[in-house]
Amino acid sequence: MEYRFTHRPYRLPLSTPLRTAHGLWAEREGIVLRLEDENGAAGFGEIAPIPWFGTETVAEAEEMCRRLGDRITADALDQVPATLGTVRFALAAALARPGVPSATPRVPLTALLPAGKAALAALPTRLEAGYLSFKWKVGVESPDLEMGLLDELLAVLPAYTKLRLDANGSWNRRQAERWLGLCADRPVEFVEQPVSPTDETALHGLAEDYPVKLALDESVVRLDEARRWQAEGWPGIFVIKPALAGPLEDMAAWVVATQADVVLSSAIETALGRAAILRFALRHHAVLLRRSPGFGIGEVFGDRRWDGPFLGPVLDASWAAAINPEELWNALT
C-alpha cells in the first residue's frame with residue numbers, strides 16, 4: 001500500500017524547565033509525521049530527538065523525512081538507518097495505527113521528582129496523589145548536599161514505596177563508589193547511569209562491586225546498544241526510552257526473546273508519542289511493565305493539547321484513548 005507522507009516540526013516551551021546533570025532543558029523540539037492511505041485513513045508518529053542524550057538531531061531527522069519524499073510504502077522503514085532511532089520509532093508508529101486495547105490492567109507509574117531541595121517540597125503532594133514509585137535526579141547539586149537530601153527523602157517515604165536515583169552519567173568513578181556505598185544500606189530500587197556512557201569499564205566494575213542494582217539509560221539510547229550490553233553480560237536493568245529506541249515491535253521482541261529487565265521511560269515526548277508508547281505497553285504489559293514505567297512526568301507543556309488529559313499515579317487504557325492525533329496535527333498549521 002502507498003501512503004501520502006507529510007511532516008510538520010514543533011517547538012514547545014516546557015512549563016517548568018527541567019534541571020538535569022546535562023543542564024537546563026527549557027523547550028522541546030520535534031516533528032509530527034502523518035501517513036494517509038488510499039482510503040483517507042491517517043496514522044501519526046512523533047519524532048522527539050534528544051541530541052545531548054545521544055540521538056540524531058532534529059535537522060538530521062528532517063533531512064531523512066525530506067529524503068523519503070511525499071509518497072512512501074510500508075517498506076519505507078527499511079530505508080531509515082538504525083542510527084536514526086527516533087525517526088524509526090515515529091514511522092513505525094504511524095504505519096502501525098493500533099487501536100486502544102479495551103481490557104488492560106491498571107499500572108502504577110513512577111513520578112519524576114525535581115532535582116535538589118525542590119524534591120522535598122514536591123514529595124508530599126505526590127504521595128497524597130497516590131504515587132508508589134519515585135525517581136529523583138541527582139548529580140545536579142554537590143554530593144554532600146544531595147546525600148543529606150536522600151536521607152531526608154527516605155525519612156518521609158513510606159516503607160511500601162520505591163525510590164530510584166538518576167545521575168544522568170554525571171558522577172566520576174570515585175563519586176559513584178561513594179554513592180553506591182551509601183545506597184547499599186538504604187532502600188533504593190536502583191541507581192540509573194551512575195557514570196558516563198563512555199566509561200564502560202567503570203559501569204561493569206560498579207555493577208559487580210556493589211549490591212545495589214544499576215541501570216543503563218544514556219548507554220542504551222538505541223535498541224542495538226542495549227543488545228550489545230546484554231551480549232557483554234550486563235547484570236543490571238535497561239532503562240529504555242521507546243521514543244528514542246526505534247520501532248516498538250522490535251523492542252518488545254527483544255524483551256520477550258531475552259527476558260531483559262527493562263523499565264520504560266518518557267523522553268518528554270508530547271501526548272501524541274506518549275499515547276503510542278502507552279497503548280503498546282498496555283497490550284504487552286506482562287512483558288514490558290514488570291517494573292513501574294517512568295511516565296509520571298506531570299504537566300510538561302502547560303497545554304492540555306500537548307500534555308493530554310491529567311495522568312495520575314495509575315495508567316489504564318482510558319488516557320491513551322482520549323488523545324486525538326489529528327487535533328495535534330492541526331495545531332501545527
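In segment 1-96, the C-alpha radius of gyration followed by the widest Cα-Cα span (Dmax) gives 14.4, 48 angstrom. Note on segment 46-175: with charges restricted to the Cβ of Lys and Arg (+1) and Asp and Glu (-1), its dipole about the Cα centre is near 320 debye. Backbone amide hydrogens, once placed in the peptide plane, bring residue 265 within less than 5 Å of 240, 241, 294, excluding anything fewer than 5 places away on its chain. Potential lengthening of the chain between residue 284 and residue 96 amounts to 66.2 nm, from the contour at 0.36 nm per residue minus the alpha-carbon distance. Of interest is the spacing of the C-alpha centroids, which for segment 127-181 and segment 1-25 amounts to 27 Å. Here each label is just a point 7 Å from Cα along the line to Cβ, and for residue 318 and residue 232 those points are 4.5 nm apart. Calculate how many DSSP beta bridges within the chain are antiparallel, expressed in % of all such bridges and rounded to the nearest 5. Around 50 percent antiparallel, to the nearest 5. Spatially close Lys pairs in the chain, defined by Cα atoms under 18 Å apart and a spacing of eight or more places or different chains, total 9.
By the helix-only formula, in which each DSSP H run with n ≥ 4 contributes -39500 (n - 2.57) and the sum is divided by residues, the chain has a 222 nm mean residue ellipticity of -11000 deg cm²/dmol.
Based on Cα contacts under 8 Å between residues 6+ apart, segment 1-152 shows a relative contact order of 22 percent. In terms of packing, defined here as the mean over residues of other Cβ atoms within 10 angstrom, the peptides 146-156, 240-250, 279-289 line up highest first as 240-250, 279-289, 146-156. Of the accessible area of the chain, computed with a 1.4 Å probe over protein heavy atoms only, carbon and sulfur atoms account for 50 percent. What the chain shows is 41 Å² of accessible area per residue, with the surface traced by a 1.4 Å probe over protein heavy atoms. Gain on full extension, evaluated as 0.36 nm per residue between residue 331 and residue 173 minus their Cα-Cα distance, stands at 52.2 nm. Return a whole-number percent for the relative contact order of the chain, with Cα pairs under 8 Å and 6 or more residues apart as the contact set. Normalised by residue count, the contact order of the chain is 20 percent.
Protection proxy ranking, highest mean first, for peptides 188-197, 85-94: 85-94, 188-197, where packing is the per-residue count of other beta-carbon atoms within 10 Å, averaged.
The values are calculated or read from the model by the stated rules, or taken from the named source; none is laboratory data. Bear in mind the structure is a predicted one, so any value in this text is a computation, not a measurement. Here Cβ is always computed from backbone atoms with ideal geometry, including for glycine, and neighbour counts include all displayed protein chains. Ligands, DNA and RNA are excluded from the accessible area calculation, which covers all protein heavy atoms including side chains. Shrake-Rupley method; radii C 1.70, N 1.55, O 1.52, S 1.80 Å.
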